[in-house]
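Asks: This is the structure I have questions about; it appears just below.
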Amino acid sequence: QVQLVESGGGLVQAGGSLRLSCAASGRTFSDYAMGWFRQAPGKEREFVAAIRWTEGITYYAKSVKGRFTCSRNNAKNTVDLQMNSLKPEDTAVYYCAASQYYGSSAENEYDYWGQGTQVTVSS
């Protein structure tokens with residue numbers, strides 16, 4: 001069982017940066033792929049980024065590629081999402097999730113979810 005807690009959300013102006021962190025419990029963190037998803041009001045939850053447990057291979061949604069960077073530190077049981085060049089359309093609640101599989105963009109792959117952290121980007 002994995003418990004996840006996100007942090008680092010907040011208010012930032014367009015063009016600015018935020019770094020989200022996800023702290024995971026347990027002693028088998030390295031066995032999980034980790035994903036980031038987000039959900040804006042009135043919209044479905046969408047995939048943002050994922051990082052596999054193998055060699056830190058990452059995958060990004062087209063909307064954030066080149067602006068966001070996902071990284072993990074298995075020793076510290078953390079995964080981060082560095083968000084640069086933020087846009088108003090990035091405004092959403094961001095969720096960290098853990099998968100026992102490979103880290104795809106499909107949210108139903110993920111078994112554990114954090115509580116979410118709000119990111120608001122103003123113009």
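The values are calculated or read from the model by the stated rules, or taken from the named source; none is laboratory data. Note that this is a predicted model, so its numbers are computed, not measured. Cβ coordinates were reconstructed from backbone atoms using ideal geometry, including for glycine residues, and neighbour counts include every protein chain displayed. These area figures cover heavy atoms from the full protein model, side chains too; ligands, DNA and RNA do not enter into them. Shrake-Rupley method; radii C 1.70, N 1.55, O 1.52, S 1.80 Å.
Asks: Just for segment 24-48: of the residues that are assigned to a strand (DSSP E or B) and open to solvent by 50 Å² or more (accessible area, probe 1.4 Å), which one is farthest from residue 101 (Cα to Cα)?
Replies: So the residue we want is 39.
Here's the yes/no breakdown for (1) more than 13 Å from residue 38 (Cβ to Cβ); (2) free of Cβ contacts under 8 Å to residues at least 60 places away in the same chain:
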| site | (1), (2) |
| --- | --- |
| 57 | yes, yes |
| 65 | yes, yes |
| 86 | no, no |
| 89 | no, yes |
| 92 | no, yes |
| 96 | no, no |
| 115 | yes, no |
| 119 | no, no |
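Asks: Could you tell me how many of the residues in segment 67-84 are without any contact (Cβ under 8 Å) to a residue 60 or more places away in the chain and either of a type in the set (A, V, I, L, M) or farther than 15 Å from residue 52 by Cβ (or both)?
Replies: Here the count works out to 7.
Asks: Additional query: Which count do you get for residues in segment 40-78 that are basic (Lys, Arg), at pLDDT 95 or above and within 15 Å of the chain's Cα centre (by Cα)?
Replies: 4
Asks: May I ask you to verify whether residue 121 is touching a Leu at 6+ places or on another chain (Cβ under 8 Å), over 13 Å from residue 21 (Cα atoms), modelled with pLDDT of 95 or more and buried (at least 17 other Cβ atoms within 10 Å of the Cβ)?
Replies: Yes.
Asks: Further question: For the structure I just gave you, tell me whether residue 98 is aliphatic (A, V, I, L, M), at pLDDT below 95 and assigned to a strand (DSSP E or B).
Replies: Yes: the conditions hold for residue 98.
Asks: I would also like to ask the following. From the list 21, 17, 7, which residue is in contact with a Gly (Cβ under 6 Å, 6 or more places away or on another chain) and at pLDDT 95 or above?
Replies: 21
Asks: Based on what the data block shows, is residue 12 under 16 Å from residue 121 (Cα atoms), assigned to a strand (DSSP E or B), touching a residue at least 24 places away in the same chain (Cβ under 8 Å) and among the β-branched types (Val, Ile, Thr)?
Replies: So residue 12 fits the description; yes.
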